Amino acid sequence: MFAIINKLWLALFFLGYLVAGATGRVEETTMALLRSMEGSVKFSIGIIGFLAFWSGILRIAEEAGMTRWLGRVLHPLLARLFPRLPKGSPALGCITLSLAANLLGLSHAATPLGIKAMYELEKINPTPGEISDEIAVYLGLILGGISLIPSTIIAVRAQAGSQSPSSIIFPMFLATLVGTGVALLVHFIIKKTRKAG
């Protein structure tokens, strides 16, 4: 799949330069490409510090035992969503951490935590290789991506020159809350339908 995408991008790049050569705009195209690369590098450097800061905060919270505290706070909810998981399961810790990262809008930090959570859930999967109830619920939670503070998006908007980068907070929270609710609702409807059938 990636090989096809790489070939497609390479073909588009050379096709663009062929068109630029045919229309006499090679210099203009090259300068636009250089400006775009310079803008990308400046943007990346600007956002790296922000992402490193929040990743560090998340790591400090984990080392200070905040994740265990958050796990206890979220336990009543997680116990209802994941009734078959034992109380001290490492999967619950991973799920808690990835949810915390999502709540802070740190999708880059949530990804490795999510992979670890899936690994732990697969270890206790009664039918290895197939999607268990726990995995389906976890995917609904993560893909819905409830975000209280979409910090990465706020940083991107600020870097792009937005006058009000944080104005996205409430609409983003509402959209992710509805998305997560719908994902979980669909899962439970399908589950009940299968049990009835």
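Would you please name the residue that is nearest to residue 85 (Cα to Cα), looking only at residues in region 132-150 that are more than 12 Å from the chain's Cα centre (by Cα) and not in a loop (DSSP other than H, G, I, E, B)?
Among those that are more than 12 Å from the chain's Cα centre (by Cα) and not in a loop (DSSP other than H, G, I, E, B), it is 134.
For the structure I just gave you, tell me whether residue 159 is more than 18 Å from the chain's Cα centre (by Cα), surrounded by fewer than 19 Cβ atoms within 10 Å (Cβ to Cβ) and touching a residue at least 40 places away in the same chain (Cβ under 8 Å).
So residue 159 passes the test.
Return only the number of the condition from (1) in contact with a helix residue (DSSP H, G or I) (Cβ under 7 Å, 6 or more places away or on another chain); (2) among the basic types (Lys, Arg); (3) within 30 Å of residue 82 (Cβ to Cβ) that residue 194 does not satisfy.
It is condition (1) that residue 194 fails.
Quick check on my filter: what residues within region 162-193 are within 19 Å of the chain's Cα centre (by Cα) and among the polar types (S, T, N, Q)?
Matches in region 162-193: 166, 176, 180.
Select the helices (runs of 4 or more DSSP H) contained entirely in region 22-107, then report the ones holding at least 1 residues which are modelled with pLDDT under 75 and under 26 Å from residue 149 (Cα atoms).
Once the helices (runs of 4 or more DSSP H) in region 22-107 are filtered for at least 1 residues that are modelled with pLDDT under 75 and under 26 Å from residue 149 (Cα atoms), what remains is 26-63, 66-81.
The values are calculated or read from the model by the stated rules, or taken from the named source; none is laboratory data. Just so you know, these numbers come straight off a predicted model, no measurement behind them. Using ideal geometry, Cβ is built from the backbone for each residue, glycine included, and neighbour counts are taken over all protein chains shown.
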